[in-house]
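Notes to accompany the following structure.
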Amino acid sequence: MTNVTENATEPDFQDDGLEADHTEIAEERARRQRRALIATAAVVIGFAVMWIVATTMSGTIPSIFASVLRSAIEPQTAAVAIAVIGLNIHFGFTGLLNIGQAGFMLLGAYGFAIAITRDVPLLFAVLIGLAAASAFALLLGLPTLKLRGDYLAIVTISAAEIIRYVGRLSQLTPVTGGSQGLPGSQYRDPFVNLSFFGDGTTTIGPFSYQNTGVNGWWIRFVAWLLVGICCVLVYFLVRSPWGRLLRGIREDEEAMRSLGKNVFAVKMQALVIGGALGALGGIMYVLPSSVQADSMGRTLTFFIWTALLLGGAATIFGPVLGTILFFSVRILIRGITGAVVPPEILNTQQSDQFSWVVVGVILMLLVIFRPQGILGNKRELQFNA
Amino acid sequence: MPESITRSPNAVDNPYADPAARRALTDGIAAEPGVAKPDPILVVDNIVRKFGGMTAVDVDHLEVQKGIITALIGPNGAGKTTFFNLITGFDRPTSAPTRFKRPENAATWSFEGSELGSTSASNVARAGMVRTFQLTKSLNRMTVMENMMLGAREQSGENLLTCWLRPTWAKEEREAEAKAKELLARFKLLRKKDDYAGSLSGGQRKLLEMARALMTDPTMIMLDEPMAGVNPALTQSLLGHIQSLRDEGTTVLFVEHDMHMVRHISDWVVVMAEGRVIAEGRAEVVMSDPAVIDAYLGAHHDTDLGDETLQEDTVAPQPTSEENPT
Ligand SMILES: Nc1ncnc2c1ncn2[C@@H]1O[C@H](COP(=O)(O)OP(=O)(O)OP(=O)(O)O)[C@@H](O)[C@H]1O
Ligand SMILES: [Mg+2]
């Protein structure tokens, strides 16, 4: 070895600038965490205030607040949150443009519900739902993941539509229920029977539900438990070297290839995992209601994307926070509009539509003023490759 | 001297660490395009790449000797980068055999004796031939350290089935991190280790990319203009580093326009022009080759390339064409 290299190594380890730089970076990180904490605290405090108002007062506003709180813990909110967590693996961490997450949900729901109606045990029925979505991911990924990112976007959006149209086919009515769909009563019993919450009704603050029932505490408990489990799962996955591969692929596939990484295989793994989470979300989505192809179409995919961008892509809790806010803020806007604007100007139906308009405007403002979402990291968005 | 941690596990005692041995080796090789080498690590045949009607690369035969530093030079647009892309699997030769048709002069290229004709870019890298890019590919929204860690090979934590079990990869991770720190220190990037790669300057990104490639312990490293935009003082120490890599057994192939650097560290020089290999030989031989000077500066020029006099206008009976075209 030459002397030159030796000299090059020595001084840098005791670089004076090292200390200063590190404290600056630590400060930056602390500032970011503080901001995320403040945002989360603001949401929690907001909900707490609504809770107090809803339980101690009566009138229009308290009842609006109560419905906002109810929508926040709705099992379908949890179901969408799980699908958003899946999309976050696709888009947030790996950079895969999946514009058909609702298709994965629908496929999972069909797989699960049809299996139950054929007397398959509950656990296997869930696995069938997940397997259907995984197979779908493989099918879509095989031809597209070697190509540029846009191809996956086109294929997912059209494949999701195809699933929806096929599900509605009248020829398939004996299997999928056609455009009528499958009513929940046909497949929900094994799940409901699993409940150890017993009968009766429990009231906690503004929430009053049956302990088990069709749409009671039991499904809320299971749905949010699953959300928690998914967050932990994602945490472990993305903090590992495997998660680092995902982010590397999001940044530059060719660089990853030049380092000997099997980009195609890793993208496929991400697509399957995110799709399977979508299917799990789909199963939870239909348990308290019914399998309706049209309720899981492009609109739902749009909600999922909005919730992800709202909460912050490439974060662990962003998807959950984003989903809760997306659904509850809309109920709040609708309620307040209904209460404030006289019905001659906006009737109930119109104030519902108006709430969607406001949600759209909020999304635009968000993209302009806080593109990283509520919990996202601005620095991660700054350098557009 | 303590052994450096960056010494790759597959480091061999390179017989060509000794300058006299290199001299003897290159003395024994004729200075002509496509000449056979005693112990070639990379052999390419009939590599043709056309873009529309334009032939970017047309190399009949080229061998790269193991254990030495080979420079690939040539004017802008000569096809050097395209050639790199072709042999590392990032592009496919027009002359490569397809499933249905095998052209008469089908392109073949092999690394350490194994054919690479149908090997993907990532498998080429895993086989030990690792390249950097002329236009750097830093992973911008990841930290410098994360960039480096991605270079480490065979990480069990990159396996989906075991990645959530931290104990299975924690030790590997620590080792890779130590190695990354040592490399970063050498490349003067240690203090930037927690910064986003996107916040680095152009030259720093070049350095990061080179350091990241070295994390893979390559058998052969291919650098596309590694020193473009790197300040002279650092260039000096990095040249030393490249030489020590060679001494530890890594074969180096690099593209560079700075003739002083080429002269200073390369043991063998390959010259490309308009897609073809037009000359090969030791630096001083090649740079006084009229064909090479023609390719670089146009005809009617009788000054050595990379000659000191090119830099100093004190002794210049004939001004160089760059400074004052006649
Ligand atoms: N993707 C492409 N499409 C069309 N032409 C291309 C493409 N890539 C390279 N070329 C052409 O091939 C020729 C060789 O390009 P290449 O990048 O290999 O040159 P180079 O020797 O690396 O030059 P430099 O020293 O400037 O980096 C150029 O004339 C270029 O215009
Ligand atoms: Mg080039």
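The phi torsions of the stretch B:192-201, fed into the Karplus equation with coefficients 6.51, -1.76 and 1.60 and a -60° offset, translate into couplings of 9, 4, 9, 7, 5, 4, x, 8, 7, 6 Hz, rounded to whole numbers, with Gly and Pro shown as x.
Helix content alone sets the calculated 222 nm mean residue ellipticity of chain B: runs of n ≥ 4 DSSP H residues at -39500 (n - 2.57) each, divided across all residues, give -9500 deg cm²/dmol. If you model the protein assembly as shown as an ellipsoid using its alpha carbon gyration tensor, with each semi-axis the square root of five times an eigenvalue, the axes come out at 60, 28, 23 Å, biggest first. Centroid-to-centroid, using Cα positions, the stretch A:130-167 and the stretch B:107-182 are 29 Å apart. Between the Cα long axis of helix A:60-73 and the first principal axis of chain A there is an angle of about 60°, rounded to the nearest 10. Relative to the longest principal axis of the Cα atoms of chain A, the long axis of helix A:241-251 lies at roughly 90 degrees. Computing Rg and the Kirkwood Rh from the Cα coordinates of the stretch B:142-199 gives a ratio, Rg/Rh, of 1.02. Evaluated over the Cα positions of chain A, the convex hull gives a direction-averaged projected area, one quarter of its surface, of 24.6 nm². Taking a point 7 Å from the Cα of A:THR55 along the Cα-to-Cβ direction, the residues of the stretch A:70-100 with backbone N closer than 14 Å to it are A:70.
With helices defined as uninterrupted DSSP H runs, which ones in chain B have an alpha carbon span along their own long axis of at least 18 Å and mean Kyte-Doolittle hydropathy of at least -1.0? Walk me through the intermediate numbers first.
Values: long enough: B:166-186 (30 Å, -1.40); B:202-214 (19 Å, -0.29); B:232-247 (22 Å, -0.06).
TM-like helix candidates: B:202-214, B:232-247.
When the listed pairs B:LYS171/B:LYS193; A:LYS267/B:LYS193; A:LYS267/B:LYS206; B:LYS137/B:LYS193 are checked against a 25 Å cut-off, the alpha-carbon distance exceeds it for A:LYS267/B:LYS193; A:LYS267/B:LYS206.
With the cut-off at under 17 Å, measuring from each backbone N in the stretch A:103-143 to a point 7 Å along the Cα-to-Cβ line of A:ARG298 picks out A:103-104. Partner shielding of B:122-133 amounts to 3, given as the average count of beta-carbon atoms from other chains within 10 Å of each residue beta-carbon. Direction-averaged projected area, Cα convex hull, the stretch B:183-283: 7.1 nm², rounded to one decimal. The long axis of helix A:149-168 is offset from the longest Cα principal axis of chain A by roughly 20 degrees.
Let me test this: with uniform point scatterers at the alpha carbons of chain B, what is the Debye-based log₁₀ I(q)/I(0) at q = 0.09, 0.11 1/Å? The Debye formula, applied to the Cα set alone, gives -0.50, -0.75.
Where a number appears in this text, it was derived from the coordinates with a stated rule and is not lab data. Worth saying up front: this structure is predicted, and the values here are computed from it rather than measured. Don't worry about glycine lacking a Cβ; one is built from the backbone with ideal geometry, like all the others, and counts go over all protein chains shown.
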